[in-house]
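In what follows, a structure is listed as structure tokens, so that the remarks can point back to it.
The values are calculated or read from the model by the stated rules, or taken from the named source; none is laboratory data. Fair warning: this is a prediction, and the values are worked out from it, not measured in the lab. In this analysis, Cβ positions are derived from the backbone assuming ideal geometry, glycine residues included, and neighbour counts consider all displayed protein chains. These area figures cover heavy atoms from the full protein model, side chains too; ligands, DNA and RNA do not enter into them. Shrake-Rupley method; radii C 1.70, N 1.55, O 1.52, S 1.80 Å.
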Amino acid sequence: MAYLANPAETAGVLVRHDFHFQKKYGQNFLIDPHVLDKIVDGAGIGPQDFVLEIGPGIGTMTQYLAEKARKVVAVEIDDRLIPILKDTLSEYDNVRVLHQDILKTDIPEIVREENDGKPIKIVANLPYYITTPILMSLLEQKLPLDSVTVMVQKEVADRMQASPGTKEYGALSLAVQYYTEPCIIAFVPPNCFMPRPKVGSSVIRLTGYTDPPVKVSDEKKMFATIRASFNQRRKTLVNALAGGGVAEKEKTLAALAVMGLDEKIRGETLSVEQFARLSELL
Ligand code: SAM
């Protein structure tokens, strides 16, 4: 089987299998080999690695991963792609395709079975309609993660890597930066996909912390504080937390005083370290 990462091979597979794209599954298949090189190199895949791929599509990136890694498990939701993957990946004996929704997949079980519970690499050209739920679920499950290297809508990558005080900075930035160190690897224009998406994309690598730089005793409380302050971005932090039922005004004012912060400060200027400290004080 030839490499699928070009328009002619991809179109050939689609015609041969009479496959029609399903909008509801966010199907935009990669057709540019340079982009695949960037993703696989950016993820640093080596011969010892176990890789979990989310949404293999017709197997374009799976081929590249299978050649570099020890083992690949690819989770695909669309039943019509399963026989296609059987065909396009027939030459690789180190790939297992699971016909499942990634949000319902028991990933810890896969990690135990395939990698002795040790940190794994996750690689994906993510379906844009559920990018944030997938990423949040991967992070919140506290999986043993070496890294997560994903293609996402450019704006979403920018939000993940945003610094405090910028307009892109929000709850997603803080969640990503609490669990991992983000690094945007490449911008990918719409003409690298079939069909072309309406928006530009970026590849971003999130490197999991073995020893997180920020520690909190109650993560739930910290993320509730973060959510409340960004739900009402225009309000001061004191008013946003009171309005969101997280803390009374006096309590937040006292905590801000201890931290040496202005009482009119807005949540969007606080770093992950400051949110952690604030939630401990509250
Ligand atoms: N990896 C392929 C590529 O780069 O050409 C396809 C990427 S395409 C953007 C996203 C893929 O994710 C599609 O194959 C789609 O069917 C699959 N997908 C969508 N939702 C999913 C879910 N909840 N669980 C698993 N796969 C899903």
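Taking the numbered list (1) under 20 Å from the mean Cα position of the chain (by Cα); (2) among the aliphatic types (A, V, I, L, M); (3) not in a helix (DSSP H, G or I) in turn, V35 passes all entries but (3). Scanning region 63-116 for residues that are surrounded by 19 or more Cβ atoms within 10 Å (Cβ to Cβ), of a type in the set (S, T, N, Q) and closer than 21 Å to G12 by Cα yields a count of 2. Please determine, by comparing only the residues of region 257-282 that are among the acidic types (D, E) and under 23 Å from V176 (Cα atoms), which one is surrounded by the most Cβ atoms within 10 Å (Cβ to Cβ). Result: E268.
Could you tell me which numbered condition G200 fails, if it satisfies all but one of (1) over 13 Å from the mean Cα position of the chain (by Cα); (2) open to solvent by 40 Å² or more (accessible area, probe 1.4 Å)? All conditions pass for G200, except number (2). Restricting attention to region 134-164, and to residues there that are more than 12 Å from the chain's Cα centre (by Cα) and open to solvent by less than 50 Å² (accessible area, probe 1.4 Å), which single residue is nearest to the ligand (Cβ to nearest atom)? Among them, the one singled out is L143. Residue count for region 1-32, restricted to those that are under 26 Å from I184 (Cα atoms), charged (D, E, K, R) and outside any loop (DSSP other than H, G, I, E, B): 0.
Within region 176-190, identify whether any single residue is within 16 Å of the ligand (Cβ to nearest atom), touching an Asp or Glu at 6+ places or on another chain (Cβ under 9 Å), touching a residue at least 60 places away in the same chain (Cβ under 8 Å) and not small (G, A, S), and answer yes or no. Looking through region 176-190, at least one residue is within 16 Å of the ligand (Cβ to nearest atom), touching an Asp or Glu at 6+ places or on another chain (Cβ under 9 Å), touching a residue at least 60 places away in the same chain (Cβ under 8 Å) and not small (G, A, S). Scanning region 1-40 for residues that are without any contact (Cβ under 8 Å) to a residue 40 or more places away in the chain and surrounded by 14 or more Cβ atoms within 10 Å (Cβ to Cβ) gives N6, E9, P33, L36. Restricting L253, L261, L174 to residues that are in a loop (DSSP other than H, G, I, E, B) and at pLDDT 95 or above narrows the list to L261.
Would you mention how many residues in region 117-133 are open to solvent by less than 70 Å² (accessible area, probe 1.4 Å), within 13 Å of the ligand (Cβ to nearest atom) and in contact (Cβ under 8 Å) with a residue 60 or more places away in the chain?
8
Note on region 49-63: residues that are more than 10 Å from the ligand (Cβ to nearest atom) and farther than 14 Å from T105 by Cβ amount to 4.
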